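Here is the structure we will look at, set down as structure tokens.
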There are 4 protein chains.
Amino acid sequence: MEIPESMKAAVLFGRGDLRVVERPVPKLEAGEALLKVESIAICGSDPAIISDGFPYQPPMGEFIPGHEFTGTVVEVAPDVSEVSLGDRVAIEPHKGCGRCVNCLRGLYTTCLNYGKNEKGHRHYGWSSNGGYAEYASCHVNCLHKLPDNISFDEGALLTTAGTVLYGYERLGWIRPGETVVVMGPGAIGILSAHLAKILGAGKVILTGTREDRLAIGQQLGADVTLNIGQVDVCQTIMNLTGGLGAEVVVECSGNPQAACDALEVARKNGRISFTGIYHQGVNLPLDRIVQGNLSITAPKAEGMWNLERALPLLADGRLNVKPLITHTYPLEEINTAFDTFTQRIGGAIKVIIRP
Amino acid sequence: MEIPESMKAAVLFGRGDLRVVERPVPKLEAGEALLKVESIAICGSDPAIISDGFPYQPPMGEFIPGHEFTGTVVEVAPDVSEVSLGDRVAIEPHKGCGRCVNCLRGLYTTCLNYGKNEKGHRHYGWSSNGGYAEYASCHVNCLHKLPDNISFDEGALLTTAGTVLYGYERLGWIRPGETVVVMGPGAIGILSAHLAKILGAGKVILTGTREDRLAIGQQLGADVTLNIGQVDVCQTIMNLTGGLGAEVVVECSGNPQAACDALEVARKNGRISFTGIYHQGVNLPLDRIVQGNLSITAPKAEGMWNLERALPLLADGRLNVKPLITHTYPLEEINTAFDTFTQRIGGAIKVIIRP
Amino acid sequence: MEIPESMKAAVLFGRGDLRVVERPVPKLEAGEALLKVESIAICGSDPAIISDGFPYQPPMGEFIPGHEFTGTVVEVAPDVSEVSLGDRVAIEPHKGCGRCVNCLRGLYTTCLNYGKNEKGHRHYGWSSNGGYAEYASCHVNCLHKLPDNISFDEGALLTTAGTVLYGYERLGWIRPGETVVVMGPGAIGILSAHLAKILGAGKVILTGTREDRLAIGQQLGADVTLNIGQVDVCQTIMNLTGGLGAEVVVECSGNPQAACDALEVARKNGRISFTGIYHQGVNLPLDRIVQGNLSITAPKAEGMWNLERALPLLADGRLNVKPLITHTYPLEEINTAFDTFTQRIGGAIKVIIRP
Amino acid sequence: MEIPESMKAAVLFGRGDLRVVERPVPKLEAGEALLKVESIAICGSDPAIISDGFPYQPPMGEFIPGHEFTGTVVEVAPDVSEVSLGDRVAIEPHKGCGRCVNCLRGLYTTCLNYGKNEKGHRHYGWSSNGGYAEYASCHVNCLHKLPDNISFDEGALLTTAGTVLYGYERLGWIRPGETVVVMGPGAIGILSAHLAKILGAGKVILTGTREDRLAIGQQLGADVTLNIGQVDVCQTIMNLTGGLGAEVVVECSGNPQAACDALEVARKNGRISFTGIYHQGVNLPLDRIVQGNLSITAPKAEGMWNLERALPLLADGRLNVKPLITHTYPLEEINTAFDTFTQRIGGAIKVIIRP
């Protein structure tokens, strides 16, 4: 395949200043493959990156954000045999250094050499260039081959699915028949509800404010959806669980009240996962943790190679991410895409760019 | 409800001498409920109990076997509020003493006071009377309320499902997308394959010799079935797993060769569950355990209250045990039922008695 | 042994009104032993019970508090063979109902039938009568036989040790060489530091305000003690851990600032145990949990039969509780004992009553 | 520091033909440090490597075996900042590729790219050159800095300690007060007994045939030693455990009978670790695994960076490996050293070469 010298890429030139410009196609280093980017999803963390920048990012004027993407392999470094030209792949953004104690123990999303390119760490779309471009280079540690029947658009949601699964891994997986409460019907929340059911949960309860999103959650496996503006969520969940509370609570909204509610509706010995983005401190009743013998964990991103676990589920249709993909745009319209996403225009959930 | 003084019961009078006779309806002790037995499944362990007796059993002439059953609550002891008259329930056979260290740590299927009725231990149909009768008394620790849409016949398979789930609990649950090999398509094996898929497994491979049973496994979620008389099972599994082997192997056949194969087809870091009945020693290549960083566990019966976990799955139809129920008989024909079961007449898998 | 009809007991007659009066010696129920109480420690939770009462307690005028005690078996119910007359025993206060799902899964300190005597639940010194008396009856589920070389006074601290160990069980045990920070040098905190070292911790750091207590912690294995009034604790811990933070943090002080500091000084993937009493909400930076891939647990009391685990350590001298026992009083002086304890007179840590 | 062009090295020229010859000092690749080898221990696996070769080894005439060593850093590759010139280090032999799914999940001792140097895998002294030489190059992933008070000879036993700890990690760590049986008082066995105690075990029972080794085990913490030639080991262990058996059994002898005994003396719910070298199949009573709810694991070498966990224990003297170091030889006498080791001359346990 002919690889051009230059490509179109969305480059951050300053706070809030994202422009599609011409840039050189990346050169490969050892262990890397060059991808023709096919589909890339806007992540909930992207708007803050665009508006504020990120401490470890490449310089303004060079930084290409974007970290939830799929592509076609068009070139590989000489040492790469894990993928071949023409392979369809999804990427995960975290590539650990592979040499710190965390990486050596499999905890690469908390690599101790974060941002140190010279140690081998990469965080595509954050501390390294990412996928809002026609081409991107990625290390094989971040590549997951897509079966034929997973589309590029669907594959772009694998990082989200992988994060949900890592959250479940960290709380000891979903156990058969458990009641699972998911708070916050964003992409993470809806997939948390969906995957809980796929992993054998009993009753899945999804809470939120937006009826359209709750409806998608219901379509994807939530048994009960609760609009927190209309019902007393805690009381309703206690009623739905015979007064015991839920075995698992996944808090995805980032809302301080929801975080408190999570402790309220967790049953004794329950497990809580904080999967939201918490911009501020939250006043938590810690005594409930002690008296309730609770466990609290949180997934730092898509660790432990969990995208790979999601692949068979997505390939055979058990995992259905299509209802989350509400909009697609070409790269040139990336700023419109961001507006659509942040303002939730047209019920936007996941907005996809096709470079 | 009127409870008669006497009832019909299948009583073991001597080795292989099971007769349906009149017996007094059991009197309740504290914590117990009296059940009108509705449906009881012959367990793979029952024929040996009938033919050989069991060391801890009640005396010949008094012993009523049978331990996989459902019934309707017709009387409760004064301290019982967990179930009410008319409740439809499934039982699990192990009731721990509740006071040994194993019971106190939740390991009641390995109660250290096994067979000591005076300490509160019961093993219905083994060391205490069971369910091949019109009535049976059971402790509330062994009762699981059936939702309306679970039939008594289906509920009689909950102990099997609970054993499968306890096996999965002990090997760290099925993790999403894992390849699971199940050896031996008996009731345990078929439900192992079926439940693996329900819990999020990727590829499920079921091996055995009987095509009719393999076909049921396929109907219930096995992606691949292998007839060990026709293919080289180990080689085929290695081929199906890219040469790596399976993450999880559940050996349910009790066959020594299969037990060895389990170690052969487990991938590095794989988890193996021995769920069969092993009448003899098995010559195992232990070096594979060390070199392969393998883990081996086995479920001692339906521990950790796992029947309860199966209930929501059975209630909403994800778990489908109907294809396993091949025959039903009235209590009077119990010996015919046993013949059908042991000789696998008419493709018998689970044979149900309806007293 | 001659058992009298009546005994001296400290009875709560109203809020703050604890009086030593004559009461009948308890009659045994099934599963119980009668103990001549030898030694009972004041727990940090006792003063609140005395001053405020407890929602589930026996009626005022009948309630005998006290729940950390040892005694000599002087009578056993007919079904009891676990202990014999003359046995020296320590008790743990939680006796689960043995029939709820939590108890069946070994989680008896979070029994769902809390306070329901008719279901078999007991919480000695809380919802049932306890040990501030000459005699007390206890169920065998709560008795741990003392080896000869453990004194009754030492044995009275086993519930504290059991709670510390359950906390470690819930956070996945201490792993060899780990750096452990313990905040709050009360009895729980000092034993947390001491036991961490006994279980193979590397560096143990104990923080607090009272130099005398910190000194005892150092005597019992803390490598570093930090007076939070004199140093910047978080900064010092980061310095002591090469900027990484501690693998394990055990927060025992109940202080809101310390709870926040726990999240601050936990390294990525660290495990935090909240073991304090938190009277109010605490404003926690939840984002640290997510970004740091942290785990938070808490022990609800001395679960999973952990007193038994402490016995060999106490018997062979590895676990040394003597430095914690600062005062002993006869039963008649119980109110003086409480004053000594609450006002920390003479550096009081554990104050023992010998009825 | 002046680094010479050539060095003395023990090179394998053919089966059993190990000669000390001149070889070029290794050149560094990225991520590597050059060590002046100070101390290297003969591993129980070395004699077979020398006598038979190893399938993945470098060519005869080039292969330098040896994989348990310490050294001084004398040069580092440009990207290496983890260690500095003059640092005293211990090495672990497994360096995973860092890019297969096993490595990405922290399971580098079961790297799927075993023996593929081009993928970054190294197994020093096995598939790559090792430490029976004056100099050796090692990747930083395999280096552990030695505190000053750990001698080079002691540090050479860290791989053994790391393997023992990984074995304990895989069986869920030693829990406080547990009875641990260790079979086979070689270096692994003695350290298993020693470390069990350091991690909080209760009674530690060491079994074997050689009284001198059992005596060292006793010196290092075994409470009971049993000479299997003199007592009925299984019966004695059952007697010592009140008829229940041991919570943990670590089989280190590689003896088939011992492997069977391990299942015999494990208590219900017990955990067994096979840590021996099993040259042949072992006839195991699998039914005991099922009926006893047993768990079996095995450590594949020193995984999960467990050498690091051993460092604080060795540094502060809790872990004492000195009694295991029975002989030291210069490199020139390596063949004498091997004879001493294999024939156990003079009670040889660990034999050290100082190049």
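The equivalent ellipsoid of chain C has semi-axes of 35, 21, 19 Å, largest first, where each one is the square root of 5 times an eigenvalue of the Cα gyration tensor.
Between amide H atoms placed 1.01 Å from N, distances below 5 Å from C:G177 occur with C:A201, C:G202, all of them 5 or more places distant or on a separate chain.
Along the axis of the charge dipole computed for segment B:153-251 (Cβ charges of +1 for Lys and Arg, -1 for Asp and Glu, origin at the Cα centre), the listed residues B:I228, B:I205, B:M238 are led at the positive end by B:M238. Summarising the overall dimensions of the protein assembly as shown from its C-alpha atoms, the Rg and Dmax are 32.2, 100 angstrom. Principal axis analysis of the Cα atoms in segment D:50-154 yields extents of 37, 34, 26 Å, listed in decreasing size.
Remark: spin-label model distance C:Q219-A:R354 equals 7.6 nm, labels positioned 7 Å along the Cα→Cβ axis. Debye calculation, C-alpha points only, no solvent: report log10 I(q)/I(0) for segment A:177-269 at q = 0.18 Å⁻¹, in the same order as the q values. Once normalised to I(0) and log-transformed, intensities are -0.67. Summing +1 for each Lys or Arg and -1 for each Asp or Glu among the other residues whose beta-carbon sits under 11 angstrom from that of C:H123 gives +2.
Shape index of segment D:103-207: Rg/Rh, with Rg the Cα radius of gyration and Rh the Kirkwood radius from the inverse mean 1/r over Cα pairs, equals 1.03. Expressed as a rounded percentage, what relative contact order does segment A:116-261 have, with Cα pairs under 8 Å and six or more residues apart? Relative contact order, segment A:116-261: 20 percent. Only Lys, Arg, Asp and Glu carry charge here, each on its Cβ (+1 for the first two, -1 for the last two); on that basis segment C:38-188 has a dipole of about 700 debye about its Cα centre. Size check on segment D:236-280: the Cα extents along the three principal axes, sorted descending, read 34, 18, 11 Å. Shape descriptor for segment D:199-245: Rg over Rh equals 0.98 (Cα atoms; Rh from the Kirkwood inverse mean 1/r). Each 5 Å bin from 0 upward holds the following percent of the Cα-Cα pairs of segment B:201-341: 2, 8, 14, 18, 19, 17, 12, 6, 3, 1, 0. Over all other residues within a Cβ to Cβ distance under 12 Å of D:V321, the charged ones net out to 0, with Lys and Arg as +1 and Asp and Glu as -1. If only the Cβ of Lys and Arg carry +1 and only the Cβ of Asp and Glu carry -1, the dipole of segment A:276-321 around its Cα centre is close to 60 debye. For segment A:4-91, the relative contact order is 33 percent, taking Cα pairs closer than 8 Å that sit 6 or more residues apart in sequence and dividing their mean separation by the residue count. The value given for segment B:284-349 is a Kirkwood hydrodynamic radius of 16.0 Å, derived from the mean inverse Cα-Cα separation. Between copies, the label points at A:E29 (set 7 angstrom from Cα along Cα-to-Cβ) are spaced 1.7, 7.0, 7.2 nm, reported in nanometres from shortest to longest.
Shape class of segment C:170-216 from the Cα gyration tensor (axes a ≥ b ≥ c, square roots of the eigenvalues): prolate, since a/c reaches 1.5 or more and a/b is larger than b/c. Label point of A:G242 (7 Å along Cα→beta-carbon): distances to the other copies' equivalent points are 3.4, 4.3, 5.0 nm, sorted ascending. Close amide-amide hydrogen proximity is noted between B:L226 and B:L206, B:T207, B:G208, each under 5 Å apart and 5 or more residues distant or on a separate chain (H modeled in the peptide plane; Pro and chain starts excluded). Each label was represented as a point 7 Å from its Cα along the Cα-to-Cβ direction; for C:E333 and B:D316 these points are 6.4 nm apart.
Distances between every pair of Cα atoms in segment D:1-76, grouped in 5 Å steps from 0 to the bin holding the largest one, split as 3, 14, 22, 24, 20, 12, 4, 0 percent. Between the residues D:A90, D:N320, D:G71, the greatest Cα displacement towards the positive end of the dipole of chain D, with unit charges on the Cβ of Lys, Arg, Asp and Glu, is found for D:N320.
Between A:L28, A:N113, A:P147, the Cα set farthest toward the positive side of the dipole of chain A (charges on each charged residue's Cβ, about the Cα centre) is that of A:N113. Rounded to the nearest 20 debye, the dipole magnitude of segment D:298-355 is 220 debye, with +1 charges on Lys and Arg beta carbons, -1 on Asp and Glu beta carbons, and the Cα centre as origin. What separates the Cα centres of segment B:93-139 and segment A:23-76 is a distance of 61 Å. The same position B:Q257 in the other copies lies at 3.2, 6.6, 7.3 nm from this copy, comparing label points 7 Å beyond Cα toward the beta-carbon, shortest first. List the lysines whose alpha-carbon lies under 19 Å from that of B:K197, not counting same-chain residues fewer than 8 positions away? Straight-line reach from B:K197, under 19 Å: A:K197, A:K203, B:K322.
The value of relative contact order for chain B, using C-alpha pairs under 8 Å at least six residues apart, is 17 percent.
Throughout, read-outs are computed from the coordinates displayed, never taken from laboratory work. Since the structure is predicted, the reported quantities are computational estimates derived from the model, not experimental observations. Note that each Cβ is placed from the backbone with ideal geometry, even for glycine, and that neighbours are counted across all protein chains shown.
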